[in-house]
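So the structure is just underneath, and the comments pick up after that.
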């Protein structure tokens, strides 16, 4: 199946087309096609995953420091070509496993080399990895350059396939009930299919051009889905904002891809690019420019500071879409890009060097500011949105501090619990017809027991509580930051963990505890909604064990050539880091819990516990922070900071975005009115006008009187005659 | 042979003609003045021809006479038409070609 | 050589001429017959086009095919020399194809003052000129066809146009004629300086060596003015918005889809290969004007209140990408430029169709008055959205392949050009893609999203008519197919483009 993985996105594209053209006429308005397609895609992805796990690890790669791989690349590639053609032909004629071929050029080159110098390098402790499965055909040719399209399946791609199809399946099932009476039900499912297809195309891509395809397809679909209810201007504004913001980042993607295309020797191939970058074949300046450009795209797509503002606004879309965007697609695309092009980022920013670098810095800033903002939201989806931004910051930070596996692993686990939380929020809002936690929720745990329990699992997983998924992945990030010489980011991570736990506890309190503040009688959602919740809850609970110490399957499966070439370090599980991370998470929960408990219960409780708590001051800050929700006390630090950050967010950063828009419009007006209409066009009109003016002057002379004409005639003759006499 | 007296005569006739063309308002008189100008030219042509001992001057003079005849014919026809239309041949009133 | 091969290209020009004569002979009252004749003519021409497509030797894109070379005007040694290669083929077929669709679209959409006979005749004349330009291999022949398109377009705008049609048509006519005057001067200079011939292939072989560099620069300048005005490049673009805004829908479509391509085609066919030295000297300035055009066109779009005018301004930006591709003088760039021409033809053509249909339904093109198109005519609305997405260069749709490779190629222009300068252009052009997204989606939001304004709330708005579907479906399908499988065009053009670009590598290295 691995060699035929291109079928998976193809199924989703086909599903999009079928729903678009025939969906309306079907009895279930098209969701049967979407469901069937995503189910098939999920099954196929699972088969891929199983095959990948069962694949023998027989490719050895030594870190770049040990062997220079630069030279044999060219020959390796040429040698590779006929094979590729054969593979493609066979693919078309449908011959089975015999056609499967694998090995990237340099990997085989490395093998050959390994064979040649076997005696000398025998002592190297190079761990074998699974060969990626590459199937490509010619897309088009341009001059001497051939551009391929196809699939590049390695552990990272397989993991992503699995996660994306799983979350998408859950979202599809959820939507059949949640979106039931929607105005554009069919259209919604069509877009959902295309959205999934975009992500799948992106994760299976072996070259940057194809990656760009998937990337932009998601941009388009997010535009369609965020603006799903486009009758209201707010929604279409949000859709436009999402598209523009990500597209602004995409300037970097276009530029970065262009630079790398030439830098890696006129190829879009990602594996080749990574190798060239790590082998030092590309000058550092060029690499730095390319990496910086690509990182702009990541900042836009993965909603990193300072381009994160579109993501909370994107909540204007239907909730299942939010779940899909936040958990498995779109926003993680940026993280995936960094992970995929890790060789480039590694060399450009010297990630192995420790200290501080732009990726880690941006990630770290995002973790903190987004978490702060999450405290002041009253809309449950916005809490989750800021939480996503913050968690994406974790992932980016992880990649920035050289903890590649940790970043990917966090992406993996986060997909489950964030998908779960969003769908849970959707379930609640389905019952109360609102997203406002303060006004319309409270006490939902009695009315919606399943939703409550699953939401709790998601919350604890997100907060990083042992042994749920989030604990393991977050722990790895912290470990990586600590061990790779990025102590600052270890601190950031811990603070982030604390805040995450705290704001999620607050969110749970407002939604599920206390008194019901809304109207009507909420009741538990139907099975189409609760079943996906339960499935995701189970996964959120156990997914982390995949990479638990002693098991560590995940890191083995995703082991990747570029990462090995770079020499990314693996670290042993450390009890102290784990305990520390866990302690901060628990502290967050406790702090939040106590605060709300105190508000409800007897007055003295906070005073008693307040003294006992080590983070007393922190609690007090939280106390002030929540003045928006209680009529309590003012003056904490967090409140103003958070609100300040929010104001900066809305008034400054957002204003800059808006100002850029308005400025562009003004500039447009100016260019058009002044430069174009008066200047450039004025010049053109001026030529005509001059002729006209000249004509009207001369016109006076034409009186129509013969004698006057004769007078001119004789006068002129006399003048000319005079001139003749004088000057000759 | 003295060229001067012919040239002076021609210059005199020419000046009279120019005066007539520019100053008179009567269309017929203007046409007659044009004839004077042309004849002044004829005198010059014949005089120079004789002076240089060629017949070319006389030939050109004959051409001019023929053209002048045609010109007067057309000119008088126009004047006649103007008279029919406007009951006047005052050239200062004729400005239909004004731009 | 079989009969079809030797007659195919002449047929591409002759068939519309014959159709026009037949049309002229028909009485004015028989509108049905007139339409049928026009449709049949364009269909036969298109059939010839398909014949050419099927018999074209794609492996030998470098050499001229279907070549015919007869003596024509001996006095000035100008010959009836026609032939096509991979560069002309896509554009020739595009022109044939668009004309058919335009006839279909105008079937019962004839703008005031009606008179289908004259309108259709003009359309056929246009086709003669467009097809002829793409097949001519002789400068005089090229010039004749190049100028032939002016007249019918002038009348189309001047007679069937909007309120300000006279100003627009005269401006269009004079402006382009001005460029042509300089262009013919350059043609004459080439004739006298490079061996008394107008034959393009011969000139390509000889002119580069025969003419000293400084003279080449001047000749190129003349060609530049002629072609750049037609493209139109900033700052020679001001005729375009007026002409587009005032022209009838079909006129706008043909103008955008084919006429603008005559200029860029001229660059690739004539200016670059004949005068490669001069091209290298001029390229940085052309590239500069191109990127200024990209940004400037986009800013112009943002200020528009009229939908059609906005689309017209977007042409300035898009043709900027095409010209940027050409200015890099590389395989990638020129291939991208040709792809960009075809893509822009299809996409902007479609946008004008949609704008025309919207105007027909609402009697206005003012963005402020429109809104909620998706509510009243969802299919029309989504088609507009599709075209807007294609126009902003979304991967997977045709527009992308004109934009991205042009940006890409600017990173490494031909030898002899400054990398620093072109890399700056690259970044500016990339910024232009965001602005493009800005104005197109802004337009889409204003027209399609939301709810209809009060004045139209109760109006009955027809969704897409069957006739419109017939005219549009092929274009929409092509936009998509070309976007997914760009090899359809790159495969044809690549070989021929290498002959053009090879001149530059030779000089540089």
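If you check residue A:457 against the conditions, is it modelled with pLDDT of 80 or more, closer than 25 Å to residue A:584 by Cα and surrounded by 19 or more Cβ atoms within 10 Å (Cβ to Cβ)? Outline the logic, then answer.
On the way: modelled with pLDDT of 80 or more: yes; closer than 25 Å to residue A:584 by Cα: yes; surrounded by 19 or more Cβ atoms within 10 Å (Cβ to Cβ): yes.
So residue A:457 passes the test.
Taking segment C:93-131, which residues are surrounded by 24 or more Cβ atoms within 10 Å (Cβ to Cβ) and either in contact with a strand residue (DSSP E or B) (Cβ under 8 Å, 6 or more places away or on another chain) or free of Cβ contacts under 8 Å to residues at least 40 places away in the same chain (or both)?
Of everything in segment C:93-131, just one residue is surrounded by 24 or more Cβ atoms within 10 Å (Cβ to Cβ) and either in contact with a strand residue (DSSP E or B) (Cβ under 8 Å, 6 or more places away or on another chain) or free of Cβ contacts under 8 Å to residues at least 40 places away in the same chain (or both), namely C:129.
Please determine whether any residue of segment C:400-418 is within 10 Å of chain A (Cβ to nearest Cβ), within 30 Å of residue C:280 (Cβ to Cβ) and assigned to a loop (DSSP other than H, G, I, E, B).
Scanning segment C:400-418 turns up at least one residue that is within 10 Å of chain A (Cβ to nearest Cβ), within 30 Å of residue C:280 (Cβ to Cβ) and assigned to a loop (DSSP other than H, G, I, E, B).
Of all residues in segment C:369-384, how many are within 30 Å of residue A:149 (Cβ to Cβ) and either away from every other protein chain (no Cβ under 11 Å) or buried (at least 23 other Cβ atoms within 10 Å of the Cβ) (or both)?
2
If you take the residues in segment B:68-78 that are away from chain A (no Cβ under 11 Å) and touching a helix residue (DSSP H, G or I) at 6+ places or on another chain (Cβ under 8 Å), which one is farthest from residue B:36 (Cα to Cα)?
My answer is B:76.
Given the conditions (1) away from every other protein chain (no Cβ under 14 Å); (2) at pLDDT 90 or above; (3) closer than 29 Å to residue A:699 by Cα, which single one is not true for residue B:63?
If we test residue B:63 against (1) away from every other protein chain (no Cβ under 14 Å); (2) at pLDDT 90 or above; (3) closer than 29 Å to residue A:699 by Cα, just (3) comes out false.
Scan segment A:202-215 and tell me whether some residue there is closer than 30 Å to residue A:537 by Cβ and away from chain C (no Cβ under 13 Å). Walk me through it before giving the result.
Step one: filter segment A:202-215 for residues closer than 30 Å to residue A:537 by Cβ, giving A:202-204, A:214.
Narrowing further to those that are away from chain C (no Cβ under 13 Å): A:203-204.
Yes, the conditions are met somewhere in segment A:202-215.
Name every residue in segment B:51-66 that is within 14 Å of the chain's Cα centre (by Cα) and either under 20 Å from residue B:91 (Cα atoms) or in contact (Cβ under 8 Å) with a residue 12 or more places away in the chain (or both), in order of residue number.
Listed by number, the residues that qualify are B:61, B:64, B:65.
Residues that are under 30 Å from residue C:124 (Cα atoms) and without any contact (Cβ under 8 Å) to a residue 60 or more places away in the chain: list the helices (runs of 4 or more DSSP H) wholly contained in segment C:188-302 that include at least 2 such residues.
On the way: elements: C:200-210, C:213-230, C:239-246, C:249-254, C:260-266, C:276-302.
Fully inside segment C:188-302 and qualifying: C:213-230.
Is there a residue being closer than 23 Å to residue B:93 by Cα and loosely packed, with under 14 Cβ neighbours inside 10 Å anywhere in segment B:6-19?
yes
Output the residues belonging to segment C:47-75 that are assigned to a helix (DSSP H, G or I), in contact (Cβ under 8 Å) with a residue 60 or more places away in the chain and touching a helix residue (DSSP H, G or I) at 6+ places or on another chain (Cβ under 7 Å).
Listed by number, the list holds a single entry, C:58.
Under the condition of being surrounded by fewer than 20 Cβ atoms within 10 Å (Cβ to Cβ) and touching a residue at least 60 places away in the same chain (Cβ under 8 Å), which residue from segment C:357-368 is farthest from the other protein chains (Cβ to nearest Cβ)? Lay out the reasoning, then the answer.
The first filter runs over segment C:357-368 and keeps only residues surrounded by fewer than 20 Cβ atoms within 10 Å (Cβ to Cβ), leaving C:359-361, C:363-364, C:366-368.
Keeping just the survivors that are touching a residue at least 60 places away in the same chain (Cβ under 8 Å) gives C:359-361, C:366-368.
Details: C:359: 21, C:360: 24, C:361: 19, C:366: 16, C:367: 13, C:368: 14 Å.
My answer is C:360.
Kindly provide the set of residues from segment B:79-99 that are within 14 Å of chain A (Cβ to nearest Cβ) and assigned to a loop (DSSP other than H, G, I, E, B), ordered by number.
Hits for segment B:79-99 are B:89, B:94, B:95, B:96, B:97, B:98, B:99.
Mind listing just one residue for me: the one in segment C:278-302 that is within 10 Å of another protein chain (Cβ to nearest Cβ) and more than 16 Å from residue C:240 (Cα to Cα) and, of those, farthest from the chain's Cα centre (by Cα)?
C:302
I'd like to check something: does segment A:284-292 contain any residue that is over 24 Å from residue A:166 (Cα atoms), without any contact (Cβ under 8 Å) to a residue 24 or more places away in the chain and assigned to a helix (DSSP H, G or I)?
Within segment A:284-292, the first condition is being over 24 Å from residue A:166 (Cα atoms), and the residues that meet it are A:284-292.
When the remaining residues are screened for being without any contact (Cβ under 8 Å) to a residue 24 or more places away in the chain, the result is A:285.
In the following step, the residues that additionally are assigned to a helix (DSSP H, G or I) were identified as A:285.
For segment A:284-292, residues over 24 Å from residue A:166 (Cα atoms), without any contact (Cβ under 8 Å) to a residue 24 or more places away in the chain and assigned to a helix (DSSP H, G or I): present.
Looking at A:225, A:194, A:156, A:161 in this structure, which one is on the phi < 0 side of the Ramachandran plot, in a helix (DSSP H, G or I) and within 11 Å of chain C (Cβ to nearest Cβ)?
Only one candidate qualifies: A:194.
When residues of segment A:231-264 are filtered for being more than 9 Å from every other protein chain (Cβ to nearest Cβ) and free of Cβ contacts under 8 Å to residues at least 24 places away in the same chain, how many remain?
Number of matching residues: 1.
Hey, among the residues in segment C:317-333 that are under 15 Å from residue C:493 (Cα atoms) and in a helix (DSSP H, G or I), which one's nearest to the other protein chains (Cβ to nearest Cβ)?
Checked segment C:317-333; the qualifying residue nearest to the other protein chains (Cβ to nearest Cβ) is C:331.
Out of all the residues in segment C:425-453, which are more than 9 Å from chain A (Cβ to nearest Cβ) and over 27 Å from the mean Cα position of the chain (by Cα)?
Result: C:446, C:452, C:453.
Residues checked against (1) at pLDDT below 90; (2) more than 29 Å from residue A:293 (Cβ to Cβ):
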| position | (1), (2) |
| --- | --- |
| C:416 | yes, no |
| C:420 | yes, no |
| C:424 | no, no |
| C:429 | no, no |
| C:446 | yes, yes |
| C:451 | yes, yes |
| C:457 | yes, yes |
| C:463 | yes, yes |
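The values are calculated or read from the model by the stated rules, or taken from the named source; none is laboratory data. Given the structure is predicted, the values throughout are model-derived calculations rather than measurements. Note that each Cβ is placed from the backbone with ideal geometry, even for glycine, and that neighbours are counted across all protein chains shown.
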